[in-house]
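K.L.:
Take a look at the following structure, please.
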Amino acid sequence: MIEPALGAGAGAPEGAPAGRPAAPRAAIVWARRIEQGLDVVLGLMLIAVALTLFYQVFGRYVIGRAPAWTEELARMLVAWMAMLGTAACLRTGGHIAVGALVDAVPPRVRVVLLGLRDAAMMATAGVLGWAGTRFAVMNGAQESAAMEIPMSIPYSAMCVGAVLMAIVLALVRLGGETPPVDAALHSE
């Protein structure tokens, strides 16, 4: 038996919106999977930052000697969290935005404005990815002061975050969704 091309019937990916062809459905499902995976990774990173800083305070005020690596690790994790967070909150409209203009224009103009916004986001992701790659390669031989790991690791956060942001944006657009301008206005 041939499965229907539309709808969330048998064979449709879990969580797929009904009434869409299989390819756009799959794009949205992949965007959600990336977002959910990033949510888990970001949560673990947040826990690691909290534990690291707790250990630093404990070492400084209880033991009398703060470990040198804790501040450096926390800084690197926060940089990674910031860059990975750009992709994690993209699909749901979690970025800072001013929606007054977009909400005030007719629907056809809104589509053009949102297309321009997405093009600007892709261009920004391209610049961040390019610059992040350059910084990571340029500083690959340098080691961090406390942990003595290659500085390409923290600098590569910019590249990885930019690539993930571009992938999520492309998947969402291929899936027929437009990331909202302001999640607070569009959540129901």
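The values are calculated or read from the model by the stated rules, or taken from the named source; none is laboratory data. Because the structure is predicted, anything quoted here is derived from the model rather than measured. Cβ: placed from backbone, ideal geometry, glycine included. Neighbour counts: every protein chain shown. Side chains are part of the model used for accessible areas, which takes the heavy atoms of the whole protein and leaves out ligands, DNA and RNA. Shrake-Rupley method; radii C 1.70, N 1.55, O 1.52, S 1.80 Å.
K.L.:
Of the conditions (1) more than 12 Å from Pro180 (Cα to Cα); (2) surrounded by 15 or more Cβ atoms within 10 Å (Cβ to Cβ); (3) not hydroxyl-bearing (Ser, Thr, Tyr), Ala68 clears all except one; give me its number.
P.N.:
Status for Ala68: all satisfied but (2).
K.L.:
Going residue by residue through region 158-179, is there one that turns out to be over 16 Å from Ala82 (Cα atoms) and loosely packed, with under 13 Cβ neighbours inside 10 Å?
P.N.:
no
K.L.:
Moving on to the next point. Checking Ala136 against (1) surrounded by fewer than 18 Cβ atoms within 10 Å (Cβ to Cβ); (2) at pLDDT 95 or above; (3) more than 13 Å from the chain's Cα centre (by Cα); (4) of a type in the set (Gly, Ala, Ser), which single condition isn't satisfied?
P.N.:
Against the list (1) surrounded by fewer than 18 Cβ atoms within 10 Å (Cβ to Cβ); (2) at pLDDT 95 or above; (3) more than 13 Å from the chain's Cα centre (by Cα); (4) of a type in the set (Gly, Ala, Ser), Ala136 comes up short only on (1).
K.L.:
Sticking with this one: Are there any pairs, at least 6 apart or on different chains, whose C-beta atoms fall under 6 Å, with the first in region 154-167 and β-branched (Val, Ile, Thr) and the second assigned to a helix (DSSP H, G or I), and if so, which?
P.N.:
These pairs meet every condition: Val163/Gly129.
K.L.:
Here is a follow-up. Quick one: would you say Val109 is surrounded by 15 or more Cβ atoms within 10 Å (Cβ to Cβ) and of a type outside the set (Asp, Glu)?
P.N.:
The answer is no for Val109.
Residue by residue, here is whether (1) more than 23 Å from the chain's Cα centre (by Cα); (2) open to solvent by 40 Å² or more (accessible area, probe 1.4 Å); (3) touching a residue at least 40 places away in the same chain (Cβ under 8 Å) holds:
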{"residue": "Val49", "(1), (2), (3)": "no, no, no"}
{"residue": "Leu53", "(1), (2), (3)": "yes, yes, no"}
{"residue": "Arg60", "(1), (2), (3)": "yes, yes, no"}
{"residue": "Gly64", "(1), (2), (3)": "yes, yes, no"}
{"residue": "Ala82", "(1), (2), (3)": "no, yes, yes"}
{"residue": "Gly85", "(1), (2), (3)": "no, no, yes"}
